[in-house]
Amino acid sequence: MIASDQPLLLVVEDEISLVTMLRYNLENAGFRVAEALDGEEALISVEECKPDLIILDWMLPQVSGIEVCRRLRRQPGTKDIPIIMVTARVEEQDQVRGLDTGADDYITKPFSPIELVARVRAVLRRARPSLSADMLEFADITMDLISHRVKRGDRAIRLGPTEFRLLRHFLERPTRVLSREQLLDGVWGQDVYVESRTVDVHIRRLRQALNAGDLPDRIRTVRSSGYALDDQA
Ligand code: CA
């Protein structure tokens, strides 16, 4: 069940199979999803459903994504709705950026659902801090920043203070590979002298706490680079 106070996302995409896939993944991540199959429909839907964020494909029949974006930005009622623009290739993304449509973020096809969900959360956090500031989530891990409760699925996870800060650092940067030095700076602070193998010790403790039972490992070790929070560890 998705509560009606969850953010509503409007997916604008003419490829039905992609809409279905996005809906499935976004709803699994706790969002409500509305859809529009072309630019005209998108403009009407935005008026009707007042989404919290729009995922907007560039290549659409009739009115292009760029034009939709521009029109929304021109109207007082819609100009502040965050938009993530979807492009088919990196070159297109550069082109679209160059046109300065006013999108908040860009993502290139093909993208993983995890990446999109992370982008959506990041954009929402910037645009509407109240929507997501109290809670960090990735895959089945949730961290309540008010009560300091951490859960994996329904199970409560007990973490020491360092593991809590470490996990928070990862949750704020999902899927990104972080070096031991970056983790030391971010979690322990730049002025503290800690050996880099200390990071490994706390990663091991964090893993033990998170993976108790036979759950898949969410922390990926990237050889000679560092670690990443990932759902395919
Ligand atoms: Ca398209």
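Figures for the structure shown
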read-out: Viscosity 1.567 mPa s, 4 °C: Kirkwood-radius Stokes-Einstein D of the stretch 1-71 over Cα pairs, µm²/s; value: 107
read-out: Estimated dipole of the stretch 135-229 in Debye, rounded to 20 [Cβ of Lys and Arg +1, of Asp and Glu -1, Cα centre]; value: 200
read-out: The stretch 70-109: trypsin sites (Lys or Arg not before Pro) falling in loop per DSSP and having at most 13 other Cβ within 10 Å; value: LYS79, ARG89
read-out: Kyte-Doolittle mean at least -0.5 and Cα axial length at least 20 Å: DSSP H helices in the chain; value: 113-127
read-out: Principal axes of the stretch 8-130: Cα extent on each, largest first, Å; value: 32, 31, 26
read-out: Chain lengthening between ILE44 and LYS79 when straightened (0.36 nm per residue, less Cα-Cα); value: 11.1 nm
read-out: Listed residues THR221, GLN75, VAL90: farthest to the positive end of the dipole of the chain (Cβ charges); value: THR221
read-out: Globularity ratio of the chain, using Cα Rg and 2.2 N^0.38 Å; value: 1.12
read-out: DSSP-defined beta bridges in the chain - what % are antiparallel, rounded to 5; value: 45
read-out: Rel. contact order, % - alpha carbon contacts under 8 angstrom, at least six apart, the chain; value: 12
read-out: In the stretch 113-197, chymotrypsin sites (Phe, Trp or Tyr not before Pro) in a DSSP loop with at most 12 other beta-carbon atoms within 10 Å; value: TYR193
read-out: Scattering curve values for the stretch 50-98, log₁₀ I(q)/I(0), Debye with Cα scatterers, q = 0.17, 0.30, 0.31 Å⁻¹; value: -0.50, -1.20, -1.23
read-out: ASP140 accessible area, assembled protein chains, probe 1.4 Å, Å²; value: 50
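The values are calculated or read from the model by the stated rules, or taken from the named source; none is laboratory data. This is a predicted model, so every value here is computed, not measured. Quick reminder, even Gly has a Cβ in these numbers, built from the backbone with ideal geometry, and neighbours come from all protein chains shown. Note: accessible area is taken over every heavy atom of the protein model, side chains too, but ligands, DNA and RNA are not part of it. Shrake-Rupley method; radii C 1.70, N 1.55, O 1.52, S 1.80 Å.
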